[in-house]
1. Work through the residues other than residue 90 whose Cβ is under 10 Å from its Cβ and net out their charges, Lys, Arg +1 and Asp, Glu -1.
2. Normalised by the residues of the range 49-91, what does the relative contact order come to in percent, with Cα pairs under 8 Å and at least six apart?
3. From the C-alpha gyration tensor of the range 80-137, pull out the three semi-axes of the equivalent ellipsoid (sqrt of 5λ each), sorted largest to smallest, in whole Å.
4. Tally Lys/Arg at +1 and Asp/Glu at -1 over every other residue whose Cβ is under 12 Å from the Cβ of residue 46; what's the total?
5. Rounded to the nearest Å, what's the spacing between the alpha carbon centres of the range 30-72 and the range 123-141? Just the number, please.
6. Given +1 on the Cβ of Lys and Arg, -1 on the Cβ of Asp and Glu, and no further charges, what dipole in debye does the range 1-133 carry about its Cα centre, rounded to the nearest 20?
7. Using the Kirkwood radius over C-alpha pairs as Rh, can you work out the diffusion coefficient of the range 120-181 via Stokes-Einstein at 25 °C, viscosity 0.890 mPa s, in µm² per second?
8. Name the shape class, rounded, prolate or oblate, that the alpha-carbon gyration tensor gives for the range 59-167, where a ≥ b ≥ c are the square roots of its eigenvalues, rounded holds for a/c under 1.5, and otherwise prolate holds if a/b is larger than b/c and oblate otherwise.
Amino acid sequence: MGDKFKKPTADVRKKLDAHAEWLKNGRKGEKPDLSGMDLSHTDLSAELLQHADLKGAKLVQADLSGAHLWEADLTGADLTAAVIVGSDAAKAVLKDATLIGAVLSDSCFMGARFEGADMKGAKCFGTDLAQAKLMGADLSGAEIFEADLDGADLSDAKLIGAALTGARMWDADLSGADVTGLRLRDQPLTFKGGATFREDHKEELAVSVEYDGLPVVDGTVADAADEAKPLDDQTEPSDPGADGPGGPPLGSSPAPKKARKPRAI
């Protein structure tokens, strides 16, 4: 543990151990209340916090690396500049939470709820956000690199000036999202299964979007010979499960075997 983080106080340690014991006993008995606690700058790495009640907790610059946060309730919690690396936070609730400048890299937030969360400047490198609920979340200036956003709901989210590189966004919903100044860097995104966009941003994204690994320009997909092919000509293959239910490995180019006609791009 570096000098940046401090050990839990005796009172905090007691509550953390009580929660671990509650989990060990099959979540029987009264659930320890960790809500509203000030855990800022605290080393909580690898702590057993699944199903924990951390509503409104202060976790500013806390270290939650490797922590078990599955289905933890962090509604309204302040995680400004928190470090959440290599953690399991699947189905965690972070509604209206503050994650400004937080590092969420290499963590699993599959199915997590971030509605209304302030995630400005967050770093999501290799983060699993599949099926995550990010409606109305503010991801302005966030850095999202090779993240998995399959089926994520980003409707009405703010992605102003965010950097998206190599993200997977099969069936993602960006309807109503503000992508003003969205930076795609040198690698286009890959969308499959009908990603939807705010009407006034379609043209802005069209020249930088890929469909099944092929560039989309003015609503058409270019084939391998660089010949324009209307989206309506895309056909369903006979073997839609070649890549398995989760699609190709993170960071790889999706195989054009599961081509489906997307909604308007």
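Read-outs: derived from the displayed coordinates by stated rules, not from any lab. Model, not experiment: these values are computed from the prediction. Methodologically, a virtual Cβ is constructed for each residue, glycine included, from the backbone with ideal geometry; neighbour enumeration extends over all protein chains shown.
1. Working: positive: 91; negative: 71, 88, 128.
Its environment carries a net charge of -2.
2. On the way: 102 pairs, mean separation 20.0, N = 43.
Relative contact order, the range 49-91: 47 percent.
3. Values for the range 80-137, descending: 15, 14, 9 Å.
4. On the way: positive: none; negative: 43, 47, 63, 88.
With Lys, Arg at +1 and Asp, Glu at -1, the net is -4.
5. 20 Å
6. Working: 18 positive and 20 negative charges, 19 e Å.
Charge dipole of the range 1-133: 100 debye, to the nearest 20.
7. Values: Rh = 11.0 Å.
Here the translational diffusion coefficient equals 223 µm²/s.
8. Details: a/c = 1.23, a/b = 1.20, b/c = 1.02.
It comes out rounded by the Cα gyration axes.
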